[in-house]
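See structure below.
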Amino acid sequence: MRAAVVGAGAMGSIFGARLAAGGVDTVLVDVAQPLVDQINADGVTVVSGDEETTTRLPATCDPASVGAADLVVFFVKCYHTRSAAQMARPLVGPDTVVASLQNGWGNGDVLASVYEPERVVVGVTYNSGTVLGLGKVAHPGVGPTYMGPFAGESLEGAERVAATLEQGALEAHVVPEIRPEIWKKLILNAATLPTAALAGMNAGALTAHGQMHDLVTETAREAIAAARALGYEIDEQERIDYIHALLERAGPTKASMLQDFEGGRQTEVDVINGAVVRAADENGIPVPLNRAFVALVKGWESMRGLGL
């Protein structure tokens with residue numbers, strides 16, 4: 001098995017290191033030359049609790065130098081998916097499986113517009129990561145990854161992805177109907193990412209603060225209503241309980257959007273709360289909190305010249 005991970009940020013580095021440590025022939029592909037040089041020189045260091053592990057694996061800015069892989073996994077930010085997919089064409093041969101385990105709704109559609117939809121696998125992961133420096137990341141949250149076919153009924157591609165992740169000691173599950181699982185993660189992100197970012201709160205503080213706890217809950221309720229309007233059976237109480245339990249377990253972990261705020265980077269609000277708003281508008285569902293979060297985050301971005 002030969003795997004290429006496109007995007008050597010927190011999640012790409014964590015997954016790439018795990019696969020390489022599990023014996024999968026893995027290469028990281030990224031556009032940042034200093035990051036690629038650092039990984040090639042010293043490997044990827046992953047900090048998990050009190051443990052610090054360094055894994056050596058190759059990295060490159062030139063996909064053509066790698067050639068076709070059996071599996072290509074995308075971990076870039078949503079607004080880079082199309083350009084990354086075009087760049088990664090040399091990695092994709094006749095039998096390559098292309099997978100997205102990114103945040104948000106719509107990355108699969110982008111990949112399916114560049115590659116054959118039947119080869120695309122989409123999913124979500126409940127692992128979390130934070131960049132600590134060039135080639136060094138934290139892995140504070142360990143959880144399952146769910147995946148399924150973007151188009152068609154064949155599970156062969158998803159099963160190949162799951163088997164590869166399991167070789168890297170990552171919990172993986174194949175789900176024939178993957179879109180409800182994507183929406184479950186989307187609901188979690190819509191309720192927790194902008195709230196954490198705008199308030200500057202870590203996960204534990206977000207659920208411990210009474211008013212923010214309630215805001216997270218009500219934002220999740222809106223997103224659940226939008227998902228249900230699309231025909232996805234989501235258990236409201238299960239999602240709300242899961243979200244707050246996850247926040248409590250995550251403790252000092254910083255949400256990805258809070259990390260974007262602190263780093264002065266464009267966020268993924270368009271494919272998270274923005275996706276909730278679009279689904280709600282299609283079905284006449286009021287989602288004032290999600291709509292307000294889109295406006296607030298986009299306003300923050302505009303004042304910094306981001307996302308224009």
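Among the residues that make up the range 286-294, is at least one of them part of a loop (DSSP other than H, G, I, E, B), of a type in the set (A, V, I, L, M, F, W, C) and either in contact with a strand residue (DSSP E or B) (Cβ under 8 Å, 6 or more places away or on another chain) or within 23 Å of Gly204 (Cβ to Cβ) (or both)?
No, the range 286-294 has no match at all.
Residues that are of a type in the set (Ser, Thr, Tyr), under 19 Å from Val66 (Cβ atoms) and in contact with a strand residue (DSSP E or B) (Cβ under 7 Å, 6 or more places away or on another chain): does the range 122-140 have at least one?
no
Can Asn283 be described as modelled with pLDDT of 95 or more, under 11 Å from Ala226 (Cβ atoms) and open to solvent by 50 Å² or more (accessible area, probe 1.4 Å)?
Taking the combined requirement at face value, the residue satisfies it.
Scan the range 159-171 and tell me whether some residue there is over 30 Å from Ser48 (Cα atoms), part of a helix (DSSP H, G or I) and open to solvent by less than 70 Å² (accessible area, probe 1.4 Å).
no
Filter the range 250-267 for residues that are part of a helix (DSSP H, G or I) and touching a residue at least 24 places away in the same chain (Cβ under 8 Å) and give the result.
Listed by number, the residues that qualify are Ala250, Ser256, Met257, Leu258, Gln259, Asp260, Phe261.
Against the condition closer than 30 Å to Arg2 by Cβ, out of contact with any helix residue (DSSP H, G or I) (no Cβ under 9 Å at 6 or more places or on another chain) and among the hydrophobic types (A, V, I, L, M, F, W, C), how does Val161 come out, does it pass?
The answer is yes for Val161.
Cβ-Cβ below 8 Å, separation at least six or inter-chain, first residue in the range 8-23 and more than 19 Å from His80 (Cα to Cα) and open to solvent by 10 Å² or more (accessible area, probe 1.4 Å), second of a type in the set (D, E, K, R) and part of a loop (DSSP other than H, G, I, E, B): which pairs?
Taking only residues 6 or more apart or on different chains, the pairs are Ala20/Arg56.
Grab the strands (runs of 3 or more DSSP E) fully contained in the range 112-153, keeping just those with 2 or more residues being within 18 Å of Ala10 (Cβ to Cβ) and open to solvent by 20 Å² or more (accessible area, probe 1.4 Å).
128-133, 136-141
Can you tell me which residue in the range 275-285 is farthest from Leu188 (Cα to Cα), limited to those that are touching an Asp or Glu at 6+ places or on another chain (Cβ under 9 Å) and in a helix (DSSP H, G or I)?
Ala280
Whether any residue in the range 227-244 is within 21 Å of Gly129 (Cα to Cα), out of contact with any helix residue (DSSP H, G or I) (no Cβ under 7 Å at 6 or more places or on another chain) and open to solvent by 40 Å² or more (accessible area, probe 1.4 Å) is what I want to check.
yes
Out of everything in the range 239-269 that is among the charged types (D, E, K, R) and under 22 Å from Gly210 (Cβ atoms), what residue ends up being nearest to the chain's Cα centre (by Cα)?
Lys254
Look at Gln167 and say whether it is closer than 30 Å to Thr96 by Cβ, among the polar types (S, T, N, Q) and out of contact with any Asp or Glu (no Cβ under 7 Å at 6 or more places or on another chain).
Here the answer is yes, as Gln167 does meet what is asked.
Among the residues in the range 291-308, are any surrounded by fewer than 16 Cβ atoms within 10 Å (Cβ to Cβ), under 24 Å from Val137 (Cα atoms) and free of Cβ contacts under 8 Å to residues at least 12 places away in the same chain?
no
Among the residues of the range 229-249 satisfying the criterion of being without any contact (Cβ under 8 Å) to a residue 40 or more places away in the chain and assigned to a loop (DSSP other than H, G, I, E, B), which is farthest from Gly143 (Cα to Cα)?
Gly231
Only one of these is touching a strand residue (DSSP E or B) at 6+ places or on another chain (Cβ under 7 Å), of a type in the set (A, V, I, L, M) and either in a helix (DSSP H, G or I) or free of Cβ contacts under 8 Å to residues at least 40 places away in the same chain (or both): Val47, Val27, Val36, Val72. Name it.
Matching residue, one of Val47, Val27, Val36, Val72: Val36.
The values are calculated or read from the model by the stated rules, or taken from the named source; none is laboratory data. Given the structure is predicted, the values throughout are model-derived calculations rather than measurements. Backbone-built Cβ (ideal geometry, glycine too); neighbour counts: all protein chains shown. Surface accessibility is based on the protein's heavy atoms, side chains included, excluding ligands, DNA and RNA. Shrake-Rupley method; radii C 1.70, N 1.55, O 1.52, S 1.80 Å.
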